[in-house]
Structures are given as C-alpha cells and as structure tokens.
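S.K.: Below is a structure I'd like to ask you about.
The values are calculated or read from the model by the stated rules, or taken from the named source; none is laboratory data. In this text the structure is predicted, and so the values were computed from the model without any measurement. Cβ atoms come from the backbone with ideal geometry, glycine included; neighbour counts cover every protein chain shown. When the accessible area is computed, the model is the full protein with side chains, heavy atoms only, and any ligands, DNA or RNA have been set aside. Shrake-Rupley method; radii C 1.70, N 1.55, O 1.52, S 1.80 Å.
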Amino acid sequence: MGVMRLGYVHVKVTDMAEARQHYSETVGLYETGAADGKVYFKGWDEWDHHSLVLEEGGVGLVRLGMKVRKPEELAQFESAAQKFGYTVTRFSKGENAEVGDGFTVHMLGHQVDFYQDMTYLGVDVGVLNPMSHPRNLKGIGAPFLDHMLLKGDDLETAERFFVDVLDFAPVERMVASMDDGAPLIATWLSCSSKTHDIALLKGEDGGLHHFTFQLRDWGKVQDAADTLVHDDVPIDLGPTRHGITRGETIYFFDPSGNRNEVFAGGYNFNYDRPCVTWTMDQLARGLDYYKREVTETFLTVYT
Ligand SMILES: [Fe+2]
C-alpha cells in the first residue's frame, strides 16, 4: 500500500487574521493549534492533528506531507528515493509540529515530506455508533483534504519517481499532441481509489497551482458556491465539471491569493484501469466540460 494519502499542505499567507477567517469560517476547517507563528487546521472527518498549516510571511507552498502506512515502508521509501537520485534529508519527531520521524524529498523545487505518524485527534462524531456529521459546521464544512496540483519543470522524472518508487498510478495524462516525443503537460497520479492524490503540471519549479478539499457530491459543491458568494470570495473557475477525472469543482482564492478547490465525484480508480490520455487541443473541455472555454487566470495565476 505504501503512501496512504496527501496528509498535509503547509502554505504561506500574507495576513494570518484574514487567512484564519477564510479557512475557519468559509472553508469550515477546525483550528487545532497555533504555535511559533503557525496555525494548524483539519477537516471535520480527519483524525490526525492537521491537514493544513498556515504561516504568515508571503504566499505559496512551504512543504507538503505524504502519510505512509507502515514504519518499515517509510524506511524502504527513504532508501529508494536516495537511489532514485533526488536529494533526501531527514527530520526528527517534533521538528514538524505533531509529526513523527520522516524524510523530505526535494523535487521540482518543492519539499515533499514523508512521515508515518502524526498526533491523533479523532473526530467529533466519534467511532462508536456515530452520527453522519457534526452539528453546526461552519461555511462549506469541508471534511477532508483531497489532493493538490504542483508546478515543476521535469515532469517526466517526477512522474517516474511517483510511479516507480512510490507505487502511484498515472490515472490521466495530458500531452502536447499524439506525436512521438511530444512533451508531457500534466499528470494525475493516484495512490488510492481516487482519480488523483497529487497532480503535476509543467511550469516553473516551486509553483503551487492549488490544493483541494473533498466534498460529498455535486449538491455540496453547489452549496459551497453559495457560501463563497455569501462570503464574497473570488471564484476562478466553476462550479462545473472537469472532463479530466470527471470531477465536479470550484476553484477560488484565499485572501492571500493561494488557489483553493472544492471537489466531488470523479470515478472510482482501480490499478488495472488503463491510463486516460488528453491532448492539449482538448484542454478547454478537459478543464471546464460544460463551457468548453479556457479561463485565462486558471492557466496564468499560481503562487
Ligand atoms: Fe484539483
């Protein structure tokens, strides 16, 4: 099994008070801690201490964390990542607050942490005869961090790392054309039954395109749109369906300009499912299945 999920995203924000308001009141995450200039959040259906870390002082991604299932797999991945050729550094329990021992792979200008242990908080509804959801969720009431889209230059090598070393599957890929040797534009990679746990987009190393919270269904995506309008949050794209992954989506910006997404649907991925290919000439339908138009900011704005 190896990597279970994208465990956390750590981003910079320009104004902590505004960011706190956005992620608590609009996205509806729970604040679970604040220390050393960082504020920690989790969704209501997440058991670990946090899935989002905010740090004041700019905009964009600081690091992300992938949670591995077993301690022995963590050691195996560290050794395999070193052999693969990326720079790998270790961190000890507590260096990342509430996170156990682990290692960081430096790839595509990003710091990708791998860890197996994080402080367990549980959920309000508990695990014995639980209710379906907590009462009095705020705003969108996002239950779970879902995936993220990173920008970087050498996508081919990064994709090979995720597939060969971490046992992710390429679920959908976009290529410039069907010509031999045409460059890879983007790849959607899964370590679960979802269409993607992480996606990579050709571009400047270190760029963050968006990170995403999972919603239950299209109705919840529509409700989220209402909340975003109510709270005067700038919407970048949607609500619509993607052609790519078939997911239902809205992209919007936090007050610092980091792009968020809420996402539902998509198909159930299995490892024996063949990879879907998209060509760049079909980008508009891939992004916005209904309008079949490319939203310019979606391609040009990132942090
Ligand atoms: Fe996404």
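S.K.: Checking Ala182 against (1) of a type in the set (Gly, Ala, Ser); (2) buried (at least 18 other Cβ atoms within 10 Å of the Cβ); (3) away from the ligand (no atom under 11 Å from the Cβ): exactly one of these is not met. Which one?
M.R.: (2) is the only condition that Ala182 fails.
S.K.: Considering Thr303, Thr297, which residue is part of a helix (DSSP H, G or I), away from the ligand (no atom under 11 Å from the Cβ) and either touching a residue at least 40 places away in the same chain (Cβ under 8 Å) or more than 25 Å from His133 (Cα to Cα) (or both)?
M.R.: On inspection, the qualifying residue turns out to be Thr297.
S.K.: Among Gly109, Gly85, Gly141, which is the only one that is in contact with a helix residue (DSSP H, G or I) (Cβ under 9 Å, 6 or more places away or on another chain), open to solvent by 40 Å² or more (accessible area, probe 1.4 Å) and either of a type outside the set (D, E, K, R) or over 19 Å from Tyr40 (Cβ atoms) (or both)?
M.R.: None of the others qualify; the one that does is Gly85.
S.K.: Follow-up question, since we're still on this one. Starting from region 142-156, take each residue that is of a type in the set (Lys, Arg) and list its partners that are within 11 Å of the ligand (Cβ to nearest atom) and open to solvent by less than 20 Å² (accessible area, probe 1.4 Å), counting only C-beta distances under 6 angstrom and pairs at least six apart or across chains.
M.R.: Once the first residue is of a type in the set (Lys, Arg) and sits in region 142-156, its partners that are within 11 Å of the ligand (Cβ to nearest atom) and open to solvent by less than 20 Å² (accessible area, probe 1.4 Å) give Lys151/His209.
S.K.: Tell me, which strands (runs of 3 or more DSSP E) wholly within region 31-141 include 1 or more residues that are of a type in the set (Lys, Arg)?
M.R.: Correct list: 38-42, 60-68, 87-91.
S.K.: If you don't mind, there's one more thing I want to ask. Got at least one residue in region 190-206 being more than 16 Å from the ligand (Cβ to nearest atom) and at positive phi?
M.R.: yes
S.K.: Within region 199-206, is even one residue assigned by TED's automatic domain parsing to the domain that holds Asp167, within 15 Å of the chain's Cα centre (by Cα), open to solvent by less than 10 Å² (accessible area, probe 1.4 Å) and modelled with pLDDT of 95 or more?
M.R.: yes
S.K.: Let me ask something else about it. Report, by residue number, each residue of region 1-44 that is among the acidic types (Asp, Glu) and under 25 Å from Arg216 (Cα atoms).
M.R.: Of everything in region 1-44, those that are among the acidic types (Asp, Glu) and under 25 Å from Arg216 (Cα atoms) turn out to be Glu25, Glu31.
S.K.: Quick check: is even one residue across region 93-108 of a type in the set (Lys, Arg), touching a residue at least 12 places away in the same chain (Cβ under 8 Å) and touching a Ser or Thr at 6+ places or on another chain (Cβ under 8 Å)?
M.R.: Looking through region 93-108, none of the residues is of a type in the set (Lys, Arg), touching a residue at least 12 places away in the same chain (Cβ under 8 Å) and touching a Ser or Thr at 6+ places or on another chain (Cβ under 8 Å).
S.K.: Against the condition of a type in the set (Phe, Trp, Tyr) and farther than 30 Å from Thr227 by Cβ, how does Tyr267 come out, does it pass?
M.R.: Judged against the criteria, Tyr267 is not a match.
S.K.: When you go through (1) within 29 Å of Asn270 (Cβ to Cβ); (2) touching a Pro at 6+ places or on another chain (Cβ under 9 Å) one by one for Val171, which number turns out not to apply?
M.R.: Answer for Val171: the failing condition is (2).
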